[in-house]
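Notes follow once the structure below has been shown.
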Amino acid sequence: MFTGIVEELGEVVRLTDAGGDSAVLAVRGPVVTSDARHGDSIAVNGVCLTVIDNEDGVFTADVMGETLRRSSLGALAVGSPVNLERAATVGSRLGGHLVQGHVDGVAKLIAREPAAEWEVLTFSLPPELSRYVVEKGSITVDGVSLTVMAVTADSFSVGLIPTTLKLTVLGSKGVGDPVNLEVDVIAKYVEKMLGDRHAG
């Protein structure tokens, strides 16, 4: 479980085809690797990955083909910046919202609107996710916990403060770039419970 508060901007060191429809991803991140051990979870652009090795500030993780296809990780290259967050611990501050690190879909940045101190970013919204996204609700974009400013049938907008622009990959995303989306898990549970209730 994560909170969607990015701890550092890491860098892809290697993305190696491991055969059998999988890859090994190596990421430099001195903060998140400072106490990382084999088996720990680190979110990379919002995707929960398991540490298999950690040496000299670089951790490696296995990435299944399913993850490469259903997230934007397959588009990474050596040198790509990535958002990194260690899994929350008991007693962690919940500065964002409950994030699982399970990508629900991939969207694209469709507009950036700069303002004096902040920016509004608008992303496409996959049809199968639109029912979970509400104005003033929470959404995770590339692992960043954000509040939805506005939503339409096929897009949503968020406002980014200077800190988010500077310390996450969202500050450098260009129009057309893919991002990972994770909708609020509470909305999915509510939908399931109401569906079961009506079915019963």
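The values are calculated or read from the model by the stated rules, or taken from the named source; none is laboratory data. Bear in mind that the values here come from a model prediction, so they are computed numbers and not experimental data. All Cβ positions, even for glycine, are placed from backbone atoms using ideal geometry, and neighbour counts span all protein chains on display. Side chains included, ligands, DNA and RNA excluded: accessible areas come from the protein's heavy atoms. Shrake-Rupley method; radii C 1.70, N 1.55, O 1.52, S 1.80 Å.
Only helices enter this figure: runs of n ≥ 4 DSSP H residues, each worth -39500 (n - 2.57), summed and divided by the residues of the chain, yield -4000 deg cm²/dmol at 222 nm to the nearest 500.
Over the chain, average the accessible area per residue using a 1.4 Å probe and give it in Å², no decimals. Before the final figure, lay out each step's value.
Working: 10300 Å² over 200 residues.
About 51 Å² of surface per residue is accessible.
Under a straight-distance cross-link criterion of Cα-Cα below 15 Å, which aspartates and glutamates are reachable from LYS136, leaving out those fewer than 8 residues away in the same chain? The qualifying aspartates and glutamates are ASP184.
Put the Cα centre of region 27-47 next to the Cα centre of region 50-96 and the gap is 6 Å. Taking other residues whose beta carbon is less than 12 angstrom from the beta carbon of ALA23, and scoring Lys, Arg as +1 and Asp, Glu as -1, yields -2. Between the Cα long axis of helix 185-199 and the first principal axis of the chain there is an angle of about 50°, rounded to the nearest 10. Cross-link partners for LYS108 among the aspartates and glutamates, with Cα-Cα distance under 18 Å and sequence neighbours closer than 8 places in the same chain left out: GLU119, GLU128, ASP142, ASP154, ASP177, GLU182. Seen from ALA153, the other residues with C-beta closer than 15 Å to its C-beta sum to a net charge of -2, counting Lys and Arg as +1 and Asp and Glu as -1. Counting every alpha-carbon pair across region 121-200, the share separated by more than 19 Å comes to 39%.
Computed over region 1-94, relative contact order equals 38 percent, with contacts defined as Cα pairs under 8 Å that lie 6+ residues apart.
Take every Cα pair under 8 Å whose residues are at least 6 apart in sequence, average their separation, divide by the length of the chain, and the relative contact order is 24 percent. Bridgeable lysines around LYS188 (alpha carbons under 16 Å apart, same-chain partners fewer than 8 residues away excluded) are absent.
For VAL44, neighbours were defined as the other residues whose beta-carbon sits under 10 Å from its Cβ, and their charges (Lys and Arg +1, Asp and Glu -1) total -2.
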